[in-house]
Amino acid sequence: MKNTVFIHTNAKQMVGAIVGRHSLKRNSANPDAFDVKIISQEDFPLFREFDGRKFLRGGNWRVWDNADLQSFTPVRFMPPEVMGYRGRAVVIDPDVFAVGDVNELFERDMEGKALFAKPRPGHKGKQTYLASSVMLMDCAKLPHWNVRKQFEDMFAGQLDYEDWIELTTEPEGTVGFLESFWNDFDRLAPDTKLIHNTKRRTQPWKTGLPIDFTNRLPWFLRFLPISGYRKKGTYLAHPDRRQEQFFFALVKECVEAGEISDELLTAEMANGHVRHDAPEMIERAPAVDQVLAEVRAAA
């Protein structure tokens, strides 16, 4: 079975997913060695069944909202099932873009581990936190991944969303660690392999749009009988100009290659998924290689 990169998304992040797919093939020395598949939350009826119902997250009950920006997150556990529990897969968020060659991940020695993810010590106050937004998986070693069962368990109070997403329920010794550059959080540097525009409020394609995601309640309000709060205001410009340029340089290539049509771009702007000045950003975007050359020169 051919190695496959899965980009999990929902309708709100589809443009990012398309750009991510382009970047993976573009920046590989052997793009024919792997497939790239976009899998969307809307493709799975399971999620519609639970819309509006309460699930367990961080020890508290939250309401599942399919319209939330990040409602796609559980889809990241779908690849082993889709692959028939065979072969290797990489899964990435729709705001992750290749700078290096993803084949290096597929070719690495997994040392008998079932999966690899990036450690993020100290995040959310947890020294053992693992970021599952990018994972390398040996699908044959993950037969216990069944998204319907795990999703249902969240609503039954038998599985906490955060334990699931942070991989804390995985058997001991089965998770290996990815180097930071395979999931570089809002950092574009000469050694970056996969850049992750993970800070939602500064995602480069959202600047100026109204906030459309919910945040977890701060700890001192979690005793209240409410499920969350909607952050006010608008998306901000990314603080790193080169990351904004890199994204729109990739979009420009997608448009030129016909991977993103004018009609799609217009519709995504009308739906509030892409900033309204996107055509101007694309028009003045430098070449991808020029942006990366500047990153190397500035190091």
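Computed from the Cβ-Cβ distance with R0 of 25 Å, the FRET efficiency linking residue 299 to residue 29 stands at 0.70.
Around the amide H of residue 130, modelled in the peptide plane, lie the amide H atoms of 120, all under 5 Å away and 5 or more residues distant in sequence or on another chain. As a proxy for reagent exposure, ranking 170, 104, 111 by other Cβ atoms within 10 Å from fewest up yields 111, 104, 170. Remark on residue 58: its backbone amide H falls under 5 Å from those of 161, 162, 163, a criterion applied only to residues 5 or more positions apart or on other chains, H modelled at 1.01 Å from N.
How much FRET efficiency would the formula 1/(1 + (r/R0)^6) give for residue 261 and residue 49, where r is the Cβ-Cβ distance and R0 is 30 Å, rounded to 0.05? Kindly include the intermediate steps, with their values, before the conclusion.
Numbers: r = 33 Å, r/R0 = 1.08.
Computed FRET efficiency for residue 261 and residue 49: 0.40.
Computed over the chain, relative contact order equals 18 percent, with contacts defined as Cα pairs under 8 Å that lie 6+ residues apart.
Every helix of 4 or more DSSP H residues in the chain counts as -39500 (n - 2.57), and over all residues that averages to -7500 deg cm²/dmol at 222 nm.
For GluC sites (Glu not before Pro), the sites in region 239-286 that DSSP calls loop and that have at most 16 other Cβ atoms within 10 Å are 259. May I ask you to derive the FRET efficiency for residue 61 and residue 179 from their Cβ-Cβ distance with R0 = 30 Å, giving the value to the nearest 0.05? The calculated FRET efficiency here is 0.25. Expressed to the nearest 5 percent, the antiparallel share of DSSP beta bridges inside the chain is 55 percent. For the chain, the mean projected area of the C-alpha convex hull, equal to one quarter of the hull surface, is 15.6 nm². Counting every C-alpha pair in region 56-119, the share spaced more than 16 angstrom apart comes to 63%.
Charging the Cβ of each Asp and Glu at -1 and of each Lys and Arg at +1, and nothing else, the dipole of the chain about its Cα centre rounds to 960 debye.
Only the coordinates and a few stated rules stand behind these numbers; no lab work does. The structure presented is a predicted model; accordingly, all values stated were derived computationally and were not measured. Glycine also receives a Cβ, built like all others from the backbone with ideal geometry; neighbour counts cover every protein chain displayed.
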